[in-house]
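Structure, as structure tokens:
The values are calculated or read from the model by the stated rules, or taken from the named source; none is laboratory data. Here the structure is a predicted model, which means the values were calculated and not measured. In this analysis, Cβ positions are derived from the backbone assuming ideal geometry, glycine residues included, and neighbour counts consider all displayed protein chains. Side chains are part of the model used for accessible areas, which takes the heavy atoms of the whole protein and leaves out ligands, DNA and RNA. Shrake-Rupley method; radii C 1.70, N 1.55, O 1.52, S 1.80 Å.
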Amino acid sequence: MIYDTTNIRRQDRLLDEKRALELLRNSEYGVLSLVDEDKTPYGIPLNYVFDEKNSIYIHCAPVGKKLNIIRENNKVSFCIVGKINLVPDKFTTEYESIILEGTAHLNLSEQERKRALVLLVEKLSPQYKEIGLKYIEKSFARTEIIRLDFAKYSGKSKSMH
């Protein structure tokens, strides 16, 4: 995955790549953006986990709108927003965010799906890992995993300091 900031208009607001990776690793959710067959945009906030390579995993029910869209068009964007701070007297906002561009993949192997669910439990419910592993086994048949592979990402920030 390449950190590519060449298309960011405000080059003075680039987010440091190290901080961009921290956001990717540690944030709890992002917004998955898709475009359906009618060219209608669709964005949905989701929990995720980064695999420390070039993919993130999200979980969902085995049927639904996002799966239908991905089957028709697997090009995706995923946006993660980090710290924000409204500065009302300056009519601005301090922020940090990253945007990832790539493709979504369905029909993963059972082994990869289980690995993704374990990673999600370890990230989002580490104090309940033992219970989480039992829950994975119990609800596995009712759970779909989507792998989002990213070729590139970029980050932007604004600070008043």
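Residues that are basic (Lys, Arg) and within 30 Å of residue 83 (Cβ to Cβ) were ranked within segment 116-161; the one that is surrounded by the fewest Cβ atoms within 10 Å (Cβ to Cβ) is 129.
Considering 32, 100, 24, 108, which residue is in a loop (DSSP other than H, G, I, E, B) and either surrounded by 12 or more Cβ atoms within 10 Å (Cβ to Cβ) or at pLDDT 95 or above (or both)? Talk me through it step by step, then tell me what you get.
Values: 32 fails: in a loop (DSSP other than H, G, I, E, B); 100 fails: in a loop (DSSP other than H, G, I, E, B); 24 fails: in a loop (DSSP other than H, G, I, E, B).
After ruling out the rest, the residue left standing is 108.
Looking across 84, 80, 58, one residue alone is farther than 27 Å from residue 6 by Cα and among the aliphatic types (A, V, I, L, M). It is 58.
Within segment 52-67, restricting attention to residues that are touching a strand residue (DSSP E or B) at 6+ places or on another chain (Cβ under 6 Å) and within 12 Å of residue 150 (Cα to Cα), the residue that is surrounded by the fewest Cβ atoms within 10 Å (Cβ to Cβ) is 54. Entry remark, segment 1-18: residues being open to solvent by less than 60 Å² (accessible area, probe 1.4 Å) and of a type outside the set (A, V, I, L, M) number 4 in total.
Picking from residues in segment 35-51 that are in contact (Cβ under 8 Å) with a residue 24 or more places away in the chain and closer than 21 Å to residue 116 by Cβ, the one that is most open to solvent (accessible area, probe 1.4 Å) is 47. Of all the numbered requirements in (1) over 15 Å from the mean Cα position of the chain (by Cα); (2) not in a helix (DSSP H, G or I), residue 89 misses one, and that requirement is (2).
State all residues of segment 68-80 that are within 18 Å of the chain's Cα centre (by Cα) and surrounded by fewer than 16 Cβ atoms within 10 Å (Cβ to Cβ); if no residue qualifies, say none. Give the steps one after another, and end with the answer.
Of the residues in segment 68-80, the ones within 18 Å of the chain's Cα centre (by Cα) are 69-70, 73-80.
Of everything in segment 68-80, those that are within 18 Å of the chain's Cα centre (by Cα) and surrounded by fewer than 16 Cβ atoms within 10 Å (Cβ to Cβ) turn out to be 73, 75, 79.
Only a single item in (1) at pLDDT below 95; (2) under 19 Å from residue 144 (Cα atoms); (3) open to solvent by 60 Å² or more (accessible area, probe 1.4 Å) is not met by residue 83, and it is number (2). Residues of segment 39-67 being assigned to a loop (DSSP other than H, G, I, E, B) and either within 14 Å of the chain's Cα centre (by Cα) or under 11 Å from residue 29 (Cα atoms) (or both), which ones? Across segment 39-67, the qualifying residues are 48, 51, 52, 53, 54. Beta carbons closer than 6 Å, at least 6 apart along the sequence or on distinct chains, pair a first residue in segment 128-144 that is of a type in the set (Gly, Ala, Ser) with a second that is open to solvent by less than 100 Å² (accessible area, probe 1.4 Å) for 132/121; 132/125.
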